[in-house]
1. Packing-wise, with mean Cβ within 10 Å as the measure, how do 100-106, 59-65 rank, highest first?
2. Note the full-extension length gain between residue 124 and residue 87 as 0.36 nm times their separation in residues minus their Cα-Cα distance, in nm to one decimal.
3. Which shape class, rounded, prolate or oblate, goes with region 1-154 when its Cα gyration tensor gives a ≥ b ≥ c as root eigenvalues, a/c under 1.5 marks rounded, and past that a/b bigger than b/c marks prolate?
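Every read-out reported here was derived from the displayed coordinates using simple, explicitly stated rules and does not represent laboratory data. On a predicted model such as this, the values are computed, not experimentally measured, just so you know. Here Cβ is always computed from backbone atoms with ideal geometry, including for glycine, and neighbour counts include all displayed protein chains.
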Amino acid sequence: MSTLRETFLEELGDIYDAEKQLLKALPKLAQAAENEDLRHAFEEHLEQTEAQVERLEQVFEVIGEEPKTKGCKAMEGIIKEGDELIKKHESDAALICAAQKAEHYEIASYGSLHSWARLLGEEDAADLLEETLDEERDTDEQLTDIAESAINVEESEGEAEEEEQEEGEQQEGQEQQKDKSGRPK
């Protein structure tokens, strides 16, 4: 049976790997973003993620352990699924969805790690983990704000305009057929 400390260390290695994977994924998201606010949010979060990796290394140090990663299959899957979503829909809404899936995973991980550090009496580690947890929550909220204030609205309006244009083209085609023969077809 595993002890809480062993679980804590394993999950610490997991999120350490997850953050390193995100260091590679975030530049791709920023590059793909059409909305300037979204691109800026991804670039800002990349800088934050770099600091979070360093903070995790500090956590390892304050608990007297060497930093080590445990391959994070969950983040690997989230990134892969996000890539597929983005390729399929090529929209900023898809980018936000993919990014928020990663943020929610991080929030869950850091929430547990923070709680466990407190239970284990690792107050310095808990404080460092709480700082990152707060940043992840803020990033998630920022992405929601961008989605709700601009991206989702713009994309839904764009779809409505496309539908109206298609309906207009269909009507125009029907009228042209009607004009040629003088009667409806």
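1. 100-106, 59-65
2. Separation in residues times 0.36 nm, less the Cα-Cα distance, equals 9.1 nm.
3. In terms of gyration-tensor shape, prolate.
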